[in-house]
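The values are calculated or read from the model by the stated rules, or taken from the named source; none is laboratory data. The model shown is predicted, which means the values in this text are computed figures rather than measured ones. Backbone-built Cβ (ideal geometry, glycine too); neighbour counts: all protein chains shown. Areas reflect the complete protein model, heavy atoms only, side chains present, ligands, DNA and RNA absent. Shrake-Rupley method; radii C 1.70, N 1.55, O 1.52, S 1.80 Å.
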Amino acid sequence: MQSTLGTSVVFDGVGLHSGAPVRMTVHPAPANYGIVFFRTDLPEAERRLLAKWDQVVPSKLCTLLSNASGATLSTVEHIMAALAGCGVHNARIEVSGPEVPILDGSSAPFVREFLRVGLTRSQVPVRVLKVLKAVEVRDGEAIARLEPADSMEMNFEIDFADAAIGHQEKQLNLTNGTFVRELSDSRTFCRQADVDFMQTHGLALGGTLENAVVVDGDRVLSPGGLRYEDEPVRHKMLDALGDLALAGGPILGRYTGIRAGHAMTNRLLRQLFATPGAWIWTEVTARSGRKLPGAGVTVADLPIRTEGMPA
């Protein structure tokens, strides 16, 4: 059945690129409301941004939503992953600026608060997007693919020249608390050279060694090093779940990403919805609901590895 938060939760932080302070409040919402963001710093008529795949506009550095008024909201992927991974289907999210707060660079701060306040379930079934046949997009060596599966499964592969990252692969079935346990505390990562370039061009002004894993060749510059040996590929999976959540509901299907990023995952959703016979919306029963990412998640699923994370 559809779920929302038991009560509102507040997150204070900074925007990754602007470095400006931002407050985000996630409120409960009724069944069939979906996930909707509101920019509280804008006039009433311009505030509303739907968390949907067809509201995403091109951005190389994050997932960026836009509305008909031209208002934008960036870096929504981590909060979207947390909502999907905890089984929150409906929420009204107020943000005081153009960016979601980066916090520690992962979804864990959001997840901890969601599980702390708990969920309220309605009597309305969850609408699920079932993949019926494979769709794929490519860009050089990068590939993103969705194909039929009985639950939400994910395979991801990355390959970076920096020895601190290198080649990494991971496969997970994202049910029964897997996202919370295995992926939620994996932080965004980048190369020191990229940080220097972005900050020279007025970007990543809120980025620090505390809210991102920064590597330089074979060195991890962030204090405490990696939370997992394969933290980078785990974070790419976290990002992918957040981007896939913009489908408008949980997905039953297998996602494969090879060197894929935000733009490719959004292209994949667009390709899926444009392909006749490739998908169908269906409602899940209580029993089949166990196949969804947020099913059965409890506080006990929270990762033990919390070094470097905000208290």
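Numbers for the structure displayed
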| quantity | calculated |
| --- | --- |
| Answer residue from the stretch 1-38, given it is out of contact with any Ser or Thr (no Cβ under 8 Å at 6 or more places or on another chain) and among the β-branched types (Val, Ile, Thr) and is farthest from Ala68 (Cα to Cα) among those | Thr7 |
| Residue ID - nearest to Gly294 (Cα to Cα), chosen from residues in the stretch 121-136 that are open to solvent by 70 Å² or more (accessible area, probe 1.4 Å) and over 21 Å from the mean Cα position of the chain (by Cα) | Arg121 |
| Strands (runs of 3 or more DSSP E) within the stretch 78-131 that include 3 or more residues among the basic types (Lys, Arg) | none |
| Residue in the stretch 55-65 that is within 28 Å of Ala300 (Cα to Cα), among the hydrophobic types (A, V, I, L, M, F, W, C) and open to solvent by less than 10 Å² (accessible area, probe 1.4 Å) present | no |
| Residue, nearest to Thr120 (Cα to Cα), within the stretch 35-57, restricted to residues that are in contact with a strand residue (DSSP E or B) (Cβ under 7 Å, 6 or more places away or on another chain) and assigned to a loop (DSSP other than H, G, I, E, B) | Ala51 |
| Yes/no for Phe179 being outside the structural domain of Val111 (by the TED database), on the phi < 0 side of the Ramachandran plot and under 20 Å from the mean Cα position of the chain (by Cα) | yes |
| Selected residue (criterion: nearest to Val14 (Cα to Cα)) from residues of the stretch 199-222 that are open to solvent by less than 30 Å² (accessible area, probe 1.4 Å) and at pLDDT below 80 | Gly206 |
| Selection within the stretch 9-54 - among the polar types (S, T, N, Q) and exposed (fewer than 15 other Cβ atoms within 10 Å of the Cβ) | Asn32, Thr40 |
| Unique match (being touching a Leu at 6+ places or on another chain (Cβ under 6 Å), within 20 Å of Gly206 (Cβ to Cβ) and crowded, with 24+ Cβ neighbours inside 10 Å) among Ala108, Ala144, Ala81 | Ala81 |
| Count of the stretch 152-170 residues which are farther than 22 Å from Val213 by Cβ and more than 18 Å from the chain's Cα centre (by Cα) | 0 |
